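Have a look at the structure below, then the notes.
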Number of protein chains: 2
Amino acid sequence: MNAKVVVSLKDGILDPEGQAVASALGRMGFDEVKDVRIGKVIEIELEDGIADAEVRVKQMCEQILSNPVIEKFHIQTEQS
Amino acid sequence: MNAKVVVSLKDGILDPEGQAVASALGRMGFDEVKDVRIGKVIEIELEDGIADAEVRVKQMCEQILSNPVIEKFHIQTEQS
């Protein structure tokens, strides 16, 4: 079983990495770029047959995978 | 218009960051975790009315957003 977690900065939180990429793209001729925001995608392979997998992955997100002060997360689980 | 790019390591490429997270999760009691792999999600806001947006975003991926030696990328475009 696999879970995919997308961790991204909350709206309104400054994203210096994204700004650096946006300005680099502009310098390279990609003038159509208005904004860039960068997050993480965490693919977790879990043992099969975990009944409460979504709950467990939510606990992982809250405890270690995201910083709840500045980041939000979104979980997708799928049978492999 | 928005494009979302997911950049992840190619299969077979070692992911030390993912391994560190996997072992940290194990130490915290999440024994069901078998493997973790970490990638980036890059959300790009583009000016509206770009005809060949998908082609342009593919060029961005090849030129700056990914390292084609060790990384693969996947593009999703959507009208905002």
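What follows draws every value from the coordinates through simple rules; no lab data is involved. If you're wondering where the values come from, they're calculated on a predicted model, not measured in any experiment. Heads up, the Cβs are rebuilt from the backbone with ideal geometry, glycines too, and the neighbour counts pull from every protein chain shown.
Each row is one residue, and each column tells you yes or no for (1) at the interface with chain B (Cβ under 7 Å from one of its Cβ atoms); (2) out of contact with any strand residue (DSSP E or B) (no Cβ under 9 Å at 6 or more places or on another chain); (3) closer than 21 Å to B:Gly26 by Cβ; (4) of a type outside the set (A, V, I, L, M, F, W, C).
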{"position": "A:Leu14", "(1), (2), (3), (4)": "no, yes, no, no"}
{"position": "A:Leu25", "(1), (2), (3), (4)": "yes, no, no, no"}
{"position": "A:Asp31", "(1), (2), (3), (4)": "no, yes, no, yes"}
{"position": "A:Asp35", "(1), (2), (3), (4)": "yes, no, no, yes"}
{"position": "A:Glu43", "(1), (2), (3), (4)": "yes, no, yes, yes"}
{"position": "A:Glu54", "(1), (2), (3), (4)": "no, no, yes, yes"}
{"position": "A:Val69", "(1), (2), (3), (4)": "no, yes, no, no"}
{"position": "A:Phe73", "(1), (2), (3), (4)": "no, no, yes, no"}
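Checked against (1) within 14 Å of the chain's Cα centre (by Cα); (2) closer than 29 Å to B:Glu32 by Cβ, A:Asp15 meets all criteria but (2). For the stretch A:1-45, a residue qualifies if it is among the charged types (D, E, K, R), under 16 Å from B:Gly18 (Cβ atoms) and without any contact (Cβ under 8 Å) to a residue 60 or more places away in the chain, and the qualifying residues are A:Lys40, A:Glu43, A:Glu45.
Among the residues making up the stretch A:46-80, those that are within 21 Å of B:Ser23 (Cα to Cα) and β-branched (Val, Ile, Thr) are A:Ile50, A:Val55, A:Val57, A:Ile64, A:Ile75, A:Thr77. Do we have A:Ile42 as among the aliphatic types (A, V, I, L, M), in contact with a helix residue (DSSP H, G or I) (Cβ under 7 Å, 6 or more places away or on another chain) and more than 15 Å from B:Ile44 (Cα to Cα) here? For A:Ile42, the condition - among the aliphatic types (A, V, I, L, M), in contact with a helix residue (DSSP H, G or I) (Cβ under 7 Å, 6 or more places away or on another chain) and more than 15 Å from B:Ile44 (Cα to Cα) - is met.
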